[in-house]
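I have placed the structure first, in the form of structure tokens, so that the comments after it can refer back to it.
The values are calculated or read from the model by the stated rules, or taken from the named source; none is laboratory data. Everything numeric here is computed off the predicted structure, so don't read it as measured data. FYI the Cβ positions are ideal-geometry reconstructions off the backbone, even for glycines, and counts take in every protein chain you see. Ligands, DNA and RNA are stripped out before the accessible areas are found, and what is left, the full protein with its side chains, is counted by its heavy atoms. Shrake-Rupley method; radii C 1.70, N 1.55, O 1.52, S 1.80 Å.
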Amino acid sequence: MRLKGERHRRIGASATALALGLLGLSLPFGCDGGGSGGGSVIFALFGAKTDFMTGNGPRTVAIGDLNRDGMLDLATANQNGTSVSVLLGTGTGSFGAKTDFTTGLAPFAVALGDLNQDGVLDLVTANRSANTISVLLGTGTGSFGAKTDFMTGSGPLSVSLGDLDRDGDPDLVTANQNGNSMSVLLNQSPLSLTASLGAPASFTTGLNPVVTLGDLNRDGALDLAVANAASTTVSVLLGTGTGTFGAKTDFTIGNGPLSVALGDLNRDGKPDLVAANTTDSTVSVLLGNGDGTFGAKTDFTTVFSSNSVALGDLNRDGVLDLAVTNENLASMSVLLGTGTGTFGGVTNFTTGSAPGFVARVDLNRDGTLDLVVANAASSTVSVLLGTGTGTFGAKTDFPTGSGPRSIALGDLNRDGKQDLAMGDFSIASVSVLLNTTLP
């Protein structure tokens, strides 16, 4: 079942709107056909949202080809129940009716991966209230076998997949909010018809961990970088390549880090850390030494209640820049990198209300990164088109369902352009917006 969204048309006329009208298109509300900043901008347009029913409280959305037909499908983790919803794509941007598969209680996140190495994507959910993860093996038809549950620490909020023991298959890591720990479960499922994981190994972190995987000491083994949201630290746990990790080393950052990202900020070939600190309204930058240790933090001021950070070369100078959402001030801060690990002054851009997740992607295929932001309170996504100089045009808001918490990107109708899918947390649906940018 799907619910048709209402197209919002701009009131008033302009040459741009007139030209689009002749083609049967319209500008969404919040767009005046122009933008701020330098450079020319090719408009990125989206059609009216189409809502597809899911289970109750879809918090996260994953995109992948679940039935091997070459078309992208959707899977949502339904936090307010015990299910994951699967919607099979038609290749036109539309989806069939949902099929719900049972998970543990309160699945907070869903991830896709081929756990048993049969060429078919499987589902994994982190079940916050059950202290488990559920693994559902795919059949290759878009259907899934019954869940197998595995214990984790207390209150898993996320699940990440990565080859932690270098045996060629994905292992699992959960960030456990109530246990102040990470659980590592090594995959024993390859060439098996049943899901099999090793006993969970628990590794201590700080308070309320948020995890990112990466090779921090350049030894070919994945390590863990953990932002501790209820403290002022990021914990680094170095992997041995056998699926185990050394004791955490804490590095001081700002107060209330809600996300952490990895990238080479000073172009020395060594991974650096960036954390968005909601209490301090800063981002902390820690330059890596290449051995898994980091220098002292340097804080850069954003605006207010910074909660999500994305890295990308926003001005096409070969240097990574920062985009940070400010949840309580309906804005996003952009800080341009110098290539030395420092950043210029902050430039702020208006978004919708309560911006959370931010993604950087080239929506209009002009070779420049654009920014897309999920606005939970205004039930919109804001699109800010990049000029290639590090500035962005004025936001264009596109309506979604109620309370989007995250954004999934993919070419849902096979036209070569990136489309958007958002879980509508306050209602039982996922909103799909197709990219209608002219070639």
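Below, the figures for the structure above:
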item	result
Around N217: net Lys/Arg minus Asp/Glu count, Cβ-Cβ under 12 Å	-2
Proximal lysines relative to K147, as straight alpha-carbon distance under 29 Å, when same-chain residues fewer than 8 apart are discounted	K98
Partner lysines for K395 [C-alpha distance under 30 Å; skip if fewer than 8 residues away on the same chain]	K4, K49, K417
Spacing of the two label points (7 Å from each Cα toward its C-beta) at A377 and R267, in nm	4.0 nm
Options [x] 22.2; [y] 25.0; [z] 23.5 - which one matches Kirkwood radius over Cα pairs in Å as calculated here	[x]
Computed [θ] at 222 nm, deg cm²/dmol, the chain (DSSP H ≥ 4; -39,500 (n - 2.57); rounded to nearest 500)	-500 deg cm²/dmol
Probe 1.4 Å, protein heavy atoms only - accessible area per residue of the chain in square angstrom	36 Å²
Pairwise centroid distance, computed over Cα atoms, of the range 71-137 with the range 265-344, Å	32 Å
Label-point gap, in nm, between S196 and S402 - each point 7 angstrom along Cα→Cβ	4.6 nm
Ordering of 321-327, 45-51 by burial proxy (mean other Cβ atoms within 10 Å per residue, highest first)	321-327, 45-51
Inter-label distance for T244 and D317, nm, one decimal - labels placed 7 Å from Cα along Cα-to-Cβ	4.6 nm
